[in-house]
Amino acid sequence: MKVHHLNCGTMRPFGGKALDGRPGMLRRSTIVAHCLLVETDSSLVLVDTGFGTRGVTESRSWLGGPFMAMVGAKPTMEETAVAQIRALGHDPADVRHIVMTHLDVDHAGGLADFPDATVHVRTTERRAADHPKSFPEKTRYRAEQFAHSPLWSTYDEAGEKWFGFDAVQPLRGLPPEILLVPLPGHTHGHSGVAVDTGDGWLLHAGDAYFFHGEVAPVNPHCPPGMRVFEAINQMDGATRRANLARLQTLAREHQDEVSVFSAHSPVEFQALRRNTAQPFPG
């Protein structure tokens, strides 16, 4: 399988060194919306969708004014998944499956661009998005993004072990090389997505962490502002921290077998994109 790394939504929050560890406090940092496009023998598969086209044309109503202000969202049509798929020479209609790490506004914004695709997500996450109970849930999910009635394929907690993680599942209608890895904490139904490329595994860890240094094999670290941002946006802090510890162990003990990366680190995104040398925006 061939895997493409796409940035489907650049964000420029204020915070400088407190967010990215680089010199200078009075500046904006850069974070990305790291999505994957996987070419299988029968179809294209997206992992997360970014802002989507309506995130560009109807930014405030689609993404929400508070979200845009908080992260300094900069939606562009060139960064939409649809545009990047076309730039790679593919038809967006060939995206038959979308695997979601979770359904936050910056991850699910492009679902409506692929109305005929089956959307794979944990049952807990879909339930939270359909019936948000707490204030954080009511602000992180956008009902407008699901109004087209996606073709859901949901997954409960049963599954197998994979590199020390429990309840890992293959996905209906997809090759066994693509797995859903429960990583709750950021949201109650948050997942990672593992892809066996033939040259090793990729593990898209979603928002289980935000800063590349958190899974460094030696001396894991995170700038204080990013640590606060993670805490503000988590639904279950103890569980998130436990899963981060498991990711750190995975990155340390199996770095020759599994490449771990998050949804929002530009450092990880640029490193992985360089390895595949993709000549398109993002």
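The values are calculated or read from the model by the stated rules, or taken from the named source; none is laboratory data. These figures come from a predicted structure and were not determined experimentally. Glycine also receives a Cβ, built like all others from the backbone with ideal geometry; neighbour counts cover every protein chain displayed. Accessible surface areas use protein heavy atoms only, side chains included; no ligands, DNA or RNA. Shrake-Rupley method; radii C 1.70, N 1.55, O 1.52, S 1.80 Å.
If I model a spin label as a point 7 Å beyond the Cα along the Cα-Cβ vector, how far apart are those points for THR239 and ASP256 in nm?
Calculated label separation equals 3.5 nm.
Roughly speaking, what is the stretch gain from ASP196 to ARG12, that is 0.36 nm per residue apart minus the C-alpha to C-alpha distance, in nm to one decimal? Walk me through the numbers on the way to the answer.
Values: separation 184, 0.36 × 184 = 66.24 nm, distance 3.18 nm.
In short, 63.1 nm is gained.
Express the carbon and sulfur contribution to the solvent-accessible surface of the range 160-234 as a percent, rounded to the nearest whole number, probe 1.4 angstrom.
Details: 1690 of 2860 Å².
Answer for the range 160-234: carbon and sulfur cover 59 percent of the accessible area.
Which entries of LYS74/LYS161; LYS17/LYS161; LYS2/LYS74; LYS74/LYS138; LYS2/LYS138 have Cα-Cα distances beyond 31 Å here? Please report the intermediate quantities before stating the final value.
Details: LYS74/LYS161 39 Å; LYS17/LYS161 38 Å; LYS2/LYS74 28 Å; LYS74/LYS138 23 Å; LYS2/LYS138 37 Å.
Listed pairs above 31 Å: LYS74/LYS161; LYS17/LYS161; LYS2/LYS138.
Percent of accessible area on the range 1-130 owned by carbon and sulfur, 1.4 Å probe?
Carbon and sulfur: 51 percent of the exposed surface of the range 1-130.
Accessible area of MET1, 1.4 Å probe, to the nearest 10 Å²?
Near enough 70 Å² of accessible area.
Where only protein heavy atoms count, and the probe is 1.4 Å, what is the accessible area per residue for the chain in Å²?
On the way: 11950 Å² over 282 residues.
Accessible area per residue, the chain: 42 Å².
As a test of the formula, what do you get for the chain when each DSSP H run with n ≥ 4 contributes -39,500 (n - 2.57) and the sum is divided by the residue count, at 222 nm and rounded to the nearest 500 deg cm²/dmol? It would help to have the intermediate numbers written out before the result.
Details: 11 runs with 82 residues, N = 282.
Computed mean residue ellipticity for the chain: -7500 deg cm²/dmol.
Please identify which residues in the range 159-178 have an amide N closer than 19 Å to a label point set 7 Å out from the Cα of ASP41, following the Cα→Cβ vector.
Residues 170-178 fall inside that zone.
Run the 1.4 Å probe and let me know the accessible area of LYS74, rounded to the nearest 10 Å².
Roll a 1.4 Å probe over it and LYS74 shows about 110 Å².
Find the centroid of the Cα atoms in the range 164-223 and in the range 91-107, then give the distance between the two in whole Å.
So the two Cα centres are separated by 16 Å.
Heavy-atom accessible area of ASP199 with all protein chains present, probe 1.4 Å, nearest 10 Å²?
Estimated to the nearest 10 Å², ASP199 gives 150 Å².
Express as a percent, rounded to the nearest 5, the fraction of DSSP beta bridges in the chain (both residues included) that run antiparallel.
Values: 26 of 42 bridges.
Bridges in the chain that DSSP calls antiparallel: roughly 60 percent.
Among ALA158, ALA112, ALA69, which one moves the most in a GNM of the chain with springs linking Cα atoms closer than 10 Å?
In this elastic network of the chain, the residue with the biggest mean-square fluctuation among ALA158, ALA112, ALA69 is ALA158.
In terms of solvent-accessible area of protein heavy atoms at a 1.4 angstrom probe, what is the ranking of ILE98, ILE232, highest value first? Intermediate values should be presented prior to the final figure.
Working: ILE98 0, ILE232 120 Å².
These residues rank, largest area first, as ILE232, ILE98.
Can you tell me the FRET efficiency between ASP156 and LEU26 if r is taken as the Cβ-Cβ distance and R0 is 35 Å, rounded to the nearest 0.05? Could the numbers behind the result be given before it?
Values: r = 47 Å, r/R0 = 1.36.
That gives a FRET efficiency of 0.15.
May I ask for the percentage of alpha-carbon pairs in the chain that lie more than 25 Å from each other? Walk me through the numbers before you get to the answer.
Numbers: 16018 of 39621 pairs.
The proportion of pairs with Cα distances above 25 Å equals 40 percent.
What's the ranking of 233-240, 190-197, 123-130 by average number of surrounding C-beta atoms within 10 Å, highest first?
On the way: 233-240: 16.2, 190-197: 23.2, 123-130: 18.8.
So the order, starting with the most tightly packed, is 190-197, 123-130, 233-240.
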